[in-house]
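What follows is a single structure, written as structure tokens, with notes after it.
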Amino acid sequence: MILAAVDVETASAYAETAGRAMGLGLGTGLAALGTGIGLGFIFGKTIEAVSRQPELKSEIQSIQWLGFALTEATVFYGFIAGLIAFFV
Amino acid sequence: MSLAARKYAFFAWLTVMTGLLMNPALASAAPEFSPEDEFALPPYVSIEVFGIDMSINKAVVYILGAAILTTVVVSLIARNMKVRPDSRTQTTVEIAYSLMKDNITDGNLDPKMAARWFPFIGTLFLFIWFSNMIGYIPLPLNTSHTMSIAGIEFPTFALYAATANISVPLVLALVVTVSYHFEGIRAKGVVKYVRGWVPAGVEGFMVGPILLIEVLSHIVRIISLSVRLYANILAGHLLLLFMGGGLVVLLGMGLIGSTVLGLATGALAVVFFLFEIGLVATLQAFIFCTLTAIYLDGAVAEEH
């Protein structure tokens with residue numbers, strides 16, 4: 001009943017808003033999926049490396065933070081792309 | 001200041017902040033809430049030079065704040081250095097110095113390059129760090145929403161950071177890019193430097209495509225370096241904005257629903273706030289400078 005009351009222009013405006021929102025949500029969400037896997041790898045491998053070579057802990061940790069920051073940034077590329085889709 | 005006095009000062013500040021947040025005039029004065037307003041930049045003083053907008057706005061105030069803190073704080077502490085540190089401030093600065101000197105520059109550059117570029121990388125680190133950190137202090141700079149105290153309109157408290165605006169990290173990334181290309185050309189000369197982008201062993205018709213990919217990678221470096229810093233800080237601020245009340249206002253679920261949701265997201269906001277000031281602010285300054293050092297080293301390295 002509601003569908004019949006909505007004309008084509010309003011419907012396409014709704015569709016555009018929905019598409020933008022999906023772009024933001026999917027962009028960030030899928031980026032977060034990959035980043036989560038990547039971060040899990042980094043911390044898992046660090047634990048593995050430190051348990052093999054405990055004397056290299058501080059060295060491994062500084063590389064770990066480098067890897068953490070580089071990997072974590074990828075979620076924000078998706079997020080920024082989503083924001084561009086949403087606002088621009 | 002003694003510890004007890006500091007505690008009282010902190011609680012007084014907390015009380016004032018809570019009072020301001022719960023100001024009923026504030027709640028009623030903001031009927032329409034849109035998150036992007038938090039990042040709007042209304043000019044405080046309008047300046048236009050040859051048609052270019054050079055107005056002083058919130059971002060300019062934050063950049064100036066970070067620049068002044070970087071120069072004043074560090075030079076004041078450097079002037080009152082003691083062999084046996086008796087203040088926690090000096091110890092903190094020494095930790096930061098050791099991070100910049102031993103970890104970022106000496107760890108990635110050869111001694112001659114490290115000595116030459118340490119001042120630049122150190123300043124970059126401190127500027128980004130101060131800029132990130134003052135971004136987490138609520139300051140009364142939001143002029144788009146005002147609150148009235150005793151009949152006078154005051155700007156409301158808001159979080160903002162110069163680094164949460166793409167133009168600031170972009171300019172920093174461009175400075176870094178120009179610096180490492182300059183250093184590479186100085187070390188090897190233009191032809192040898194550009195030839196050095198192509199890995200050894202690539203011959204004949206493959207040189208063109210590989211060179212194209214390398215040129216693209218240098219352009220992507222600018223984007224990744226700037227967007228990494230910008231998006232980290234922006235996302236952190238958005239998260240705090242939504243968790244610290246934005247979500248409650250947007251959803252508008254009535255008194256009980258809002259209270260429950262507000263308490264839950266408020267607790268999360270505290271956790272994210274600690275995460276941001278404890279890790280992200282420092283880590284992003286660190287990563288920006290480490291990558292600067294790596295790029296500088298890559299530009300002068302003999303082998304690709």
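Nothing in this text is a laboratory measurement; each read-out follows from the coordinates by a stated rule. Keep in mind that what you see is a predicted model, and the values were worked out from it rather than measured. Backbone-built Cβ (ideal geometry, glycine too); neighbour counts: all protein chains shown.
Worth pointing out:
- Overall dimensions of chain A, expressed as equivalent-ellipsoid semi-axes from the Cα gyration tensor (√(5λ), whole Å, largest first), are 46, 12, 5.
- Less than 5 angstrom separates the built amide H of residue B:57 from those of B:44, all sequence-distant by 5 or more or on a different chain.
- For region A:67-87, there are no residues whose amide N sits under 11 Å from a probe point set 7 Å from the Cα of residue A:52 along the beta carbon direction.
- Test item: Cα-centred dipole of region B:153-304, Lys/Arg +1 and Asp/Glu -1 on Cβ, debye: 140 debye
- With 30 Å as the limit on Cα-Cα distance, the pairs of A:57/B:192; B:7/B:101; B:112/B:192 that go past it are A:57/B:192; B:7/B:101.
- Given charges at beta-carbon only (K, R positive; D, E negative), |dipole| of chain B in Debye: 840 debye
- Cα-based values for region B:32-300, radius of gyration first and Dmax second, are 22.5, 78 Å.
- Averaged over peptide A:58-68, the number of partner chain Cβ atoms lying within 10 Å of each residue's Cβ comes to 2.
- Mean projected area in nm² (Cα convex hull; one quarter of hull surface) for the protein assembly as shown: 30.0 nm²
- Once divided by 2.2 N^0.38 Å, the Cα radius of gyration of region B:41-192 becomes 1.34.
- Reported value for region B:259-304: 67 Å³ per residue, from the convex hull of its C-alpha atoms.
- Charge dipole of the protein assembly as shown (Cα centre as origin; +1 on each Lys and Arg Cβ, -1 on each Asp and Glu Cβ, all else neutral): 1180 debye, rounded to the nearest 20.
- Amide H contacts of residue B:154 (H built 1.01 Å from N, in plane; Pro and chain starts excluded): B:147, B:148, B:149 sit under 5 Å, all sequence-distant by 5 or more or on other chains.
- Selected from B:137, B:11, B:230, residue furthest toward positive end of dipole (chain B; charges at beta carbon): B:11
- Projecting the Cα atoms of B:115, B:213, B:240 onto the dipole axis of chain B, where Lys and Arg carry +1 and Asp and Glu carry -1 at the beta carbon, places B:115 farthest toward the positive end.
- Ordering of B:41-47, B:277-283, B:124-130 by burial proxy (mean other Cβ atoms within 10 Å per residue, highest first): B:124-130, B:277-283, B:41-47
- The overall shape of region A:2-43, judged from the alpha-carbon gyration tensor, is prolate: a/c is not under 1.5, and a/b is greater than b/c.
- FRET efficiency estimate (nearest 0.05) - Cβ-Cβ, residue A:16 to residue B:3, R0 45 angstrom: 0.20
- Legend: calculated FRET efficiency, residue B:12 to residue B:68, from the Cβ-Cβ distance at R0 = 25 Å, rounded to 0.05, equals 0.45.
- Set of region B:55-98 residues, backbone N closer than 13 Å to the point 7 Å along the Cα-Cβ line of residue B:46: B:55-56
- Size descriptor, Kirkwood hydrodynamic radius, that averages inverse alpha-carbon separations across region B:38-83, Å: 12.9 Å
- Look at the stretch A:81-87: the mean tally of other chain Cβ atoms within 10 Å of its residues' Cβ atoms is 1.
- Calculated mean residue ellipticity at 222 nm for chain B: -21500 deg cm²/dmol, from DSSP H runs with n ≥ 4 weighted as -39500 (n - 2.57), summed, divided by the residue count and rounded to 500.
- Cα shape, region B:174-265, gyration tensor, a/c 1.5 rule: prolate
- Translational D in µm²/s for region A:41-88 (Stokes-Einstein at 37 °C, 0.692 mPa s, Kirkwood Rh from C-alpha pairs): 266 µm²/s
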